[in-house]
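The structure under discussion appears below in the form of structure tokens.
The values are calculated or read from the model by the stated rules, or taken from the named source; none is laboratory data. Remember, it's a predicted structure, so these values are computed and weren't measured experimentally. As a convention, Cβ positions derive from the backbone with ideal geometry for all residues, glycine included, and neighbour counts pool all protein chains shown. Note: areas computed on protein heavy atoms with side chains; ligands, DNA, RNA excluded. Shrake-Rupley method; radii C 1.70, N 1.55, O 1.52, S 1.80 Å.
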Protein chains: 2
Amino acid sequence: MDTTDKLIAAAERLFDRYGFVATGMDRLTAAAGMSSRTLYKHAGSKTQLMERVLSERDRRFMARLRVRSVDALFAALDDWIRIEGTRGCLFLRAAAETGGDAPEIAEAVRAHKTAFQDQVARIVAADLGREDPDLAEQVLVLFEGAAHAAVYRGADAVRAARKAASTLTERARS
Amino acid sequence: MDTTDKLIAAAERLFDRYGFVATGMDRLTAAAGMSSRTLYKHAGSKTQLMERVLSERDRRFMARLRVRSVDALFAALDDWIRIEGTRGCLFLRAAAETGGDAPEIAEAVRAHKTAFQDQVARIVAADLGREDPDLAEQVLVLFEGAAHAAVYRGADAVRAARKAASTLTERARS
DNA sequence: CATGATGTAAAACGATCGTTTTACATTTCA
DNA sequence: TGAAATGTAAAACGATCGTTTTACATCATG
């Protein structure tokens, strides 16, 4: 694990735990175990570091969503939350904290959510054997809701979403 | 509208738009149209101002959820988003930005989410004529999901959630 | 053996943070 | 009428922000 990877990993942890704006560079250098000179050589700036963190997060998150059924989608979310916990979608949080200023961040968020939405549509199509945009939107809402309700409801929220998605999918099948 | 009300209203707008941490006191005094001396006399501190904003938000939001059917619940969310827009739940955002430090904020969020959850359960019970904790959890997840998916999907997310909730409620009725 | 490349430690940059203070104006009301 | 209450404008507080710089160590490779 090289310097950059260590930095990105530490930054993702701190941004997620304390928020993007509230996390200072001192805390980042301490957690990454490197001098600020090295941090800036690798990351460029705090905004670029946020971009890199979101890019890495997108990669790791989307990798887990490579499934072929709606039920497996929610099983994947259940795994994610069990392993990584959840304090709400890190992309929406980044967008909210930067308030639409920082166009690079806004674009990273937009790109991630588009990819996410496309993947949900693909999973629904694979499960049903045909496209169903309405069901896809419902599944997307359930997923987003599970991720956010889980912040205060825990795994129960994911179970409820999974059950609801199963009911709606079964109904769409017939 | 007295000084305090003007302050709380301006602060809610700015916190929602730019984030809690990123919004400085200078911006707040400018938007509220008062000196920092007056602001501190009325608010005490930035943390206390956040508490007051969340308290006022809770009051206004919960007032809109005084309905007796699941469908009316999502109609209320649709109204809210149409009037106030949505950048994600302000309570979850406050909790995420303060990272669990600031116990007063964490407590305000916990209290709001408990009240919200109770109200959803009450609405589901009124709609069905009996309690149904599983359906209540599903409706809660759909509501939370609609509020967050609407950030990037707009009113479509609310419509999808409303339809899904209607389907699930109808199923629970029979 | 030298010369980049890659790193650390630590001081310093100007800007901005949340907050308090100083000095003064206006209004309210016993 | 005169003091208390409530406000403004603006400077200043020490702390911390993101970032750059200075000075020095280590190490692989020509």
| said: How large a share of the accessible area of the protein assembly as shown, in percent, is made up of carbon and sulfur atoms when the probe is 1.4 Å and the other protein chains stay in place? | reply: 47
| request: Could you please state, rounded to a whole Å, how far the C-alpha centre of the range A:41-94 is from the C-alpha centre of the range B:54-105? | output: 25
| field | B:S35 paired with B:D5, simple spin-label distance in nm, labels 7 Å along Cα-to-beta-carbon | value | 2.4
| note | For the A:L128, A:R17 Cβ pair and Förster radius 41 Å, calculated FRET efficiency rounded to 0.05 is 0.60
| Under unit Cβ charges (Lys, Arg +1; Asp, Glu -1), what dipole magnitude, rounded to 20 debye, does the protein assembly as shown have relative to its Cα centre? | 220
| message | At 222 nm, what value in deg cm²/dmol follows for chain A if DSSP H runs of at least 4 each add -39500 (n - 2.57) and the sum is divided by all its residues, to the nearest 500? | response | -27000 deg cm²/dmol
| Estimated buried accessible area (total), pair B and A, 1.4 Å, Å² to nearest 100 | 3000
| task | Taking a label point 7 Å out from Cα toward Cβ, give me the nm distances from B:A72 to the same spot in the other copies, shortest first, one decimal. | result | 4.3
| query | Stretched out fully, how many nm does the piece from B:E107 to B:I83 gain, at 0.36 nm a residue minus the Cα gap? | reply | 5.9 nm
| field | Shielded residues, the range B:159-174 - accessible-area loss of 30 Å² or more between chain alone and all protein chains, probe 1.4 Å | value | B:A160, B:A164, B:T167, B:L168, B:R171
| Dipole of the protein assembly as shown [Lys/Arg +1, Asp/Glu -1 at C-beta], most positive-end residue of B:Q119, B:A43, A:A126 | B:A43
| query | B:Y40 accessible area, nearest 10 Å², 1.4 Å probe? | reply | 100
| message | Taking the rotation axis that maps chain A onto chain B, which residue of A brings its Cβ closest to that axis, and at what distance in whole Å? | response | A:G145, 1
| task | Would you mind getting the accessible area per residue of the range B:71-110, heavy atoms of the protein chains only, 1.4 Å probe, in Å²? | result | 40
